[in-house]
Amino acid sequence: MIAQRVNLGNDSYEIIIDAMATFGRRIADACQPKGQIAVVADAAAYGFHGEAMAGALRAAGLSHALLALPPGEHNKTIDGLGTVYRFFAEAGLRRDGLVIAFGGGVIGDLAGFAAATWMRGVPYVQVPTTLLAQVDAGVGGKTAVNLPEGKNLVGAFYQPKLVLIDTTALDTLAPRDFRCGMAEVIKYGAIFSRKLFESLAVPPGRDRWPGIVAECCRYKADVVGRDEKESGERKLLNFGHTLGHAIEKLGGYERHTHGEAVSAGMVIAAQIGEKLGLTRAGCAVALRHTLSANGLPCDSPYKPSDLLACAEMDKKSGVGGIAFVLLRDIGTAFTHVLDMPALRELL
Ligand code: GLY
């Protein structure tokens, strides 16, 4: 068992890496739910691991209602949110109950935002089952749904009561989804740790997964503890995401996974930093090498003008320009405001 605390005063919580069989007891101890438990699950993840999760809840004396949604980003919409609210209503979920988000980033964001807004907020627990959600989306309380105008435009910072991770769930992940999570793992190395980054030049074997997930959760917990609402340091976690979100949007949220889009976004951001003389020469090549060794794409298939138009809609764009995350070197990152004409020139 590995435990990591996210220190946020009254909203503090634990991230626990352990076997799923322990999760019912951990939820009972940490949350002590008195009312209905509503599990919002990714149907594919639930197909593989739902019996283990349901068994763990039963063993702890916790009964639950289940909504299993087919996998995909298309759930993370206003319509998808309506489906979750109607499930909560039918299940009789009240403020003394509990929501459990069981699946990847889509389920965590959707169920988390539904929990944040149902009856003005009910407690929830994240049980991330994908690598991306275990190292990033499941930790830190970002919840949201997409609009046709852009990703994550409607959302809230709403912290879970507990994050429970069983890294053996990664065994059943499709290789493309695993690679998607590796993009975020490589991102942590690029912005916080050269040692982690260098260790990823060869794709990590199964024996390294718990340690890697724990290390990424430690970086994330520390950053979120210092800057919950992303007014400063937390922005660094968006390395590669400004152009990554643009790539995802241009692909209709179907052609590229989030990780694939962020992967190309990180290489472009490193190239921009090098052109500006702010990033040590060679970082873009190092990123390209490590990302491609992990089966990730390094280039955008879209015209710079289309990327720019999407980037302007991004939440990180403001009056003065876009707060772009750049590397100083592998292992160190900073934010740098770029105005649109400068970005157009650089792209
Ligand atoms: N995914 C970036 C963050 O949680 O801040």
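Bear in mind these aren't lab numbers, they're just calculated from the coordinates by the rules spelled out. Given the structure is predicted, the values throughout are model-derived calculations rather than measurements. We place every Cβ from the backbone using ideal geometry, glycine too, and count neighbours over all the protein chains shown.
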**Q.** Cα-centre dipole for the chain with unit charges at Cβ (Lys and Arg positive, Asp and Glu negative), debye to 20
**A.** 420 debye
Q | Taking only Cα atoms of the stretch 165-219, radius of gyration then Dmax in Å | A | 10.7, 29
Q.
Under a crude label model (7 Å from the Cα following the beta-carbon direction), how far is residue 255 from residue 280 in nanometres?
A. 3.5 nm
Q.
So for the stretch 1-144, averaging the separation of alpha carbon pairs under 8 Å that are six or more residues apart and normalising by length, what relative contact order in percent results?
A. 23 percent
Q. So for the pair residue 10, residue 195, with labels modelled 7 Å out along Cα→Cβ, what separation do we get in nm?
A. 3.8 nm
(Q) From Cα pairs below 8 angstrom and at least 6 apart in sequence, can you work out the relative contact order of the chain, rounded to a whole percent? (A) 15 percent
(Q) How big is the chain along each principal axis, measuring the range of its Cα positions in Å and listing the largest first? (A) 59, 40, 37
Q) What residue among 134, 148, 214 has its Cα farthest toward the positive end of the dipole of the chain, where the charges are +1 on Lys, Arg and -1 on Asp, Glu, each on the Cβ? A) 214
Q: Using only Cα atoms, find the angle between the long axis of helix 105-117 and the longest principal axis of the chain, and express it within 0 to 90 degrees, rounded to the nearest 10.
A: 60 degrees
**Q.** Cβ-based exposure ranking for 88, 178, in which fewest neighbours within 10 Å come first
**A.** 178, 88
**Q.** Test item: Cα-centred dipole of the stretch 215-347, Lys/Arg +1 and Asp/Glu -1 on Cβ, debye
**A.** 120 debye
Q. So what's the angle, to the nearest 10 degrees on a 0 to 90 scale, between helix 209-226 and the longest Cα principal axis of the chain?
A. 80 degrees
Q: Just name one of 256, 279, 309: the one whose Cα is farthest towards the positive end of the charge dipole of the stretch 168-320 (beta-carbon charges, Lys/Arg +1, Asp/Glu -1).
A: 279
Q | Cα-centred dipole magnitude for the stretch 75-221, charges only on beta-carbon of K, R (+1) and D, E (-1), debye, nearest 20 | A | 300 debye
